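*Asks:* Mind having a look at this structure? Questions to follow.
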């Protein structure tokens, strides 16, 4: 396939749907595409019409994040009919011992069934077969760039992506960091607000946690109730160095899925050395997500062993705000009462010890 002929003045216009891997890799995508002299266009924030459009084109067994992707892509094409490409990367394997979800692996093929989709800009990450730099060279070729230009762009993008991750580990929320990236602003933390009296680990894939429409602005609901929230993106790098071994009845199994492995690694940290750093765990899951359903059962059992409160929230296009808010309020109040009882117990014990010493 020959590389497209590009004018010296015209930039290729590349559309990126605001869905799925956008919430994980957008800073890398933006940097490498801009270094390759592409003009980037992003679809808007998810809304009701986008969800409805995606549901119309998605069959019943699809999880809601994929349906949202359909809706986001169709909105992008509708709003920008002059797109030269739509960027639909294929993520197969980012590390050699795990895979991504098959729905993501097949995404560039499946979206071709949608109406009026422009040319797909290919970018395949499959380290089981070839290094990511090879994918970057192919990406550059499609945009009319040389191998050296593509490799330079890849190095700059990886450097920027490393800075982005360091910013998250320093305490930034993903949504704040993505806004800064989108607006070409430097990575600066917002002014520190009053933290809550309890702290939760919010588990889940980025497209479930950071798309505020589909999760009904879940993090704001927690903040409004005085809860400080952290996600796995805020955890130190060493947490994800060692693989998790699942031990069913004496056997030893490795996690097959990339995202689920990271979730299990974060839970292992809070089961052990980080046990006293949080007061509870909430896991946001998409309806019909098989891998999440499996590890959720494992996590729930481990939480019972250590006595750490755990709540699972399953979401789809029919999720209602009233029911969600009731469950969250009850969970928060339960933990707050538990903390008060423990604090009173410690205070009473201290008073007795002090009186005895006197």
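*Asks:* Given the residues 17, 65, 27, which is the only one that is assigned by TED's automatic domain parsing to the domain that holds residue 150, within 22 Å of residue 150 (Cβ to Cβ), crowded, with 16+ Cβ neighbours inside 10 Å and in contact (Cβ under 8 Å) with a residue 12 or more places away in the chain? Step through it out loud before you land on a result.
*Replies:* Details: 17 fails: within 22 Å of residue 150 (Cβ to Cβ); 65 fails: within 22 Å of residue 150 (Cβ to Cβ).
Testing whether each residue is assigned by TED's automatic domain parsing to the domain that holds residue 150, within 22 Å of residue 150 (Cβ to Cβ), crowded, with 16+ Cβ neighbours inside 10 Å and in contact (Cβ under 8 Å) with a residue 12 or more places away in the chain leaves just 27.
*Asks:* For segment 273-284, check the following and say yes or no: at least one residue is without any contact (Cβ under 8 Å) to a residue 40 or more places away in the chain, in a helix (DSSP H, G or I) and either under 21 Å from residue 65 (Cα atoms) or more than 17 Å from the chain's Cα centre (by Cα) (or both). Talk me through it step by step, then tell me what you get.
*Replies:* Residues of segment 273-284 that are without any contact (Cβ under 8 Å) to a residue 40 or more places away in the chain, as a first pass: 273-276.
Okay, now just the ones that are also in a helix (DSSP H, G or I), so 275-276.
This time we only want the ones that are either under 21 Å from residue 65 (Cα atoms) or more than 17 Å from the chain's Cα centre (by Cα) (or both), so: 275-276.
Within segment 273-284, one or more residues are without any contact (Cβ under 8 Å) to a residue 40 or more places away in the chain, in a helix (DSSP H, G or I) and either under 21 Å from residue 65 (Cα atoms) or more than 17 Å from the chain's Cα centre (by Cα) (or both).
Yes or no, residue by residue, for (1) in the same structural domain as residue 260 (by TED's automatic domain parsing); (2) under 23 Å from the mean Cα position of the chain (by Cα); (3) closer than 16 Å to residue 29 by Cα; (4) in contact (Cβ under 8 Å) with a residue 40 or more places away in the chain:
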{"position": "140", "(1), (2), (3), (4)": "no, no, yes, yes"}
{"position": "157", "(1), (2), (3), (4)": "no, yes, yes, yes"}
{"position": "203", "(1), (2), (3), (4)": "yes, yes, no, yes"}
{"position": "208", "(1), (2), (3), (4)": "yes, yes, no, yes"}
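*Asks:* Across segment 272-290, which residue is surrounded by the fewest Cβ atoms within 10 Å (Cβ to Cβ) among those that are within 23 Å of residue 213 (Cα to Cα) and touching a helix residue (DSSP H, G or I) at 6+ places or on another chain (Cβ under 6 Å)?
*Replies:* If we filter segment 272-290 for residues that are within 23 Å of residue 213 (Cα to Cα), which is where we start, we get 281-290.
Cutting the leftovers down to touching a helix residue (DSSP H, G or I) at 6+ places or on another chain (Cβ under 6 Å) gives us 283-286.
Numbers: 283: 22, 284: 19, 285: 21, 286: 23.
Across segment 272-290, the extreme among qualifying residues is 284.
*Asks:* Only one of these is at pLDDT 90 or above and at positive phi: 144, 140. Name it.
*Replies:* Numbers: 140 fails: at positive phi.
Exactly one residue qualifies, and that residue is 144.
*Asks:* With the condition kept exactly as written, say whether any residue in segment 263-271 is in contact with a strand residue (DSSP E or B) (Cβ under 9 Å, 6 or more places away or on another chain) and under 15 Å from residue 98 (Cβ atoms).
*Replies:* yes
*Asks:* In addition: Within the group 35, 39, which residue is surrounded by fewer than 19 Cβ atoms within 10 Å (Cβ to Cβ) and not assigned by TED's automatic domain parsing to the domain that holds residue 317?
*Replies:* Numbers: 35 fails: surrounded by fewer than 19 Cβ atoms within 10 Å (Cβ to Cβ).
Residue meeting the stated conditions: 39.
*Asks:* Touching a strand residue (DSSP E or B) at 6+ places or on another chain (Cβ under 9 Å), crowded, with 16+ Cβ neighbours inside 10 Å and more than 20 Å from residue 257 (Cα to Cα): is that true of residue 89 in this structure? Steps first, answer last, please.
*Replies:* On the way: touching a strand residue (DSSP E or B) at 6+ places or on another chain (Cβ under 9 Å): yes; crowded, with 16+ Cβ neighbours inside 10 Å: yes; more than 20 Å from residue 257 (Cα to Cα): no.
No: the conditions fail for residue 89.
*Asks:* Counting only residues that are assigned to a helix (DSSP H, G or I) and modelled with pLDDT under 80, how many does segment 312-339 have?
*Replies:* Start the filter on segment 312-339 by keeping residues that are assigned to a helix (DSSP H, G or I), which leaves 321-339.
Narrowing the set further to residues that are modelled with pLDDT under 80 leaves 321-323.
Residues meeting the conditions: 3.
*Asks:* Something else now. Could you please let me know if residue 252 is in contact (Cβ under 8 Å) with a residue 40 or more places away in the chain, surrounded by fewer than 18 Cβ atoms within 10 Å (Cβ to Cβ) and touching a strand residue (DSSP E or B) at 6+ places or on another chain (Cβ under 9 Å)? If you could, list the steps in order and put the result at the bottom.
*Replies:* On the way: in contact (Cβ under 8 Å) with a residue 40 or more places away in the chain: no; surrounded by fewer than 18 Cβ atoms within 10 Å (Cβ to Cβ): yes; touching a strand residue (DSSP E or B) at 6+ places or on another chain (Cβ under 9 Å): yes.
For residue 252, the condition - in contact (Cβ under 8 Å) with a residue 40 or more places away in the chain, surrounded by fewer than 18 Cβ atoms within 10 Å (Cβ to Cβ) and touching a strand residue (DSSP E or B) at 6+ places or on another chain (Cβ under 9 Å) - is not met.
*Asks:* Of the residues 131, 115, which is more than 30 Å from residue 313 (Cα to Cα), surrounded by fewer than 18 Cβ atoms within 10 Å (Cβ to Cβ) and either touching a residue at least 24 places away in the same chain (Cβ under 8 Å) or touching a strand residue (DSSP E or B) at 6+ places or on another chain (Cβ under 9 Å) (or both)? Outline the logic, then answer.
*Replies:* Values: 131 fails: either touching a residue at least 24 places away in the same chain (Cβ under 8 Å) or touching a strand residue (DSSP E or B) at 6+ places or on another chain (Cβ under 9 Å) (or both).
After applying the criteria, what remains is 115.
*Asks:* Tally time: how many residues in segment 26-46 are closer than 23 Å to residue 176 by Cα, in a loop (DSSP other than H, G, I, E, B) and touching a helix residue (DSSP H, G or I) at 6+ places or on another chain (Cβ under 9 Å)?
*Replies:* 3
The values are calculated or read from the model by the stated rules, or taken from the named source; none is laboratory data. Just so it is clear, the model here is predicted, and its values are computed rather than measured. Note that each Cβ is placed from the backbone with ideal geometry, even for glycine, and that neighbours are counted across all protein chains shown.
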